[in-house]
Amino acid sequence: MHGKQVYSGGSGECRLWPQRENCAVDRIVLQGMSFSGRHGARPAEWEQAQEFKVDVELETDLSEAGRTDQLGDTVDYSQVRAIAKAIIEGQSVKLLETLAARIADRALALPRVKAVSVRVAKRPSSMAPIEAAAVHISRTRA
């Protein structure tokens, strides 16, 4: 395989980016955000709010922000958190996949975001004992 291994920031692992000229990809990671929502395939999951954990990893060029120290030259973390909060605390849906996709779509619409990975997890009482049921999706700008 052609490509270089690159440290992936917050996830602590290396990823392989095949045939890319510049393999160093900058990332912003928001990890362990916690929100309350009413989502699930069973009606009981809509009746009582549950805790949802959300991690978002954004690929973006941080070189200008590193030079200027200006918020306008990066992605505003609070906007990303607000997106996740609005989706989780908003309209009820059946699937974690739907929540993750909605967060990813809105995050990709932010200026400077090239790609996004979203993990949404919950601890469904119907599956106890279990630490979490989660989905992890990745999307790139078209």
Using 0.36 nm per residue, how much length does the chain from residue 123 to residue 47 gain when fully extended, once their Cα-Cα distance is taken away? 25.8 nm
Using amide H atoms built 1.01 Å from N in the peptide plane, name the residues 5+ places from residue 33, or on other chains, whose amide H lies under 5 Å from its own. 54
Environment charge of residue 124, counting only residues whose C-beta is closer than 10 Å and scoring Lys/Arg +1, Asp/Glu -1: +2
Using a 10 Å cut-off around each Cβ, can you sort 141, 27 from fewest to most neighbouring Cβ atoms? 141, 27
Can you compute 3J(HN,Hα) from phi for each residue in segment 39-55, using the Karplus curve 6.51 cos²θ - 1.76 cosθ + 1.60 with θ = phi - 60°, rounded to whole Hz and x for Gly and Pro? 9, x, 7, 9, x, 4, 6, 8, 7, 10, 4, 10, 7, 10, 9, 10, 10
In the neighbourhood of residue 51 defined by beta carbon distances under 10 Å, the net charge of the other residues (Lys, Arg +1; Asp, Glu -1) is +3
Over segment 26-140, what is the mean sequence separation of C-alpha contacts under 8 Å (at least six apart), divided by residue count, expressed as relative contact order in percent? 28
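Given the Cα-Cα distance of residue 68 and residue 98 and 0.36 nm per residue of separation, how much length would full extension add, in nm?
7.1 nm
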When 138, 92 are ranked with the fewest other C-beta atoms within 10 Å first, the list becomes 92, 138
Ignoring solvent entirely, what values of log10 I(q)/I(0) come out of the Debye formula for segment 26-140 at 0.11, 0.12, 0.24 Å⁻¹ when each Cα is a single scatterer? -0.37, -0.44, -1.31
Using a Förster distance of 25 Å, how high is the FRET efficiency between residue 34 and residue 108, based on the Cβ-Cβ distance and rounded to 0.05? 0.65
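Every number here is computed from the coordinates shown, using simple stated rules; none is lab data. Not measured: the values here are computed from a predicted model. Quick reminder, even Gly has a Cβ in these numbers, built from the backbone with ideal geometry, and neighbours come from all protein chains shown.
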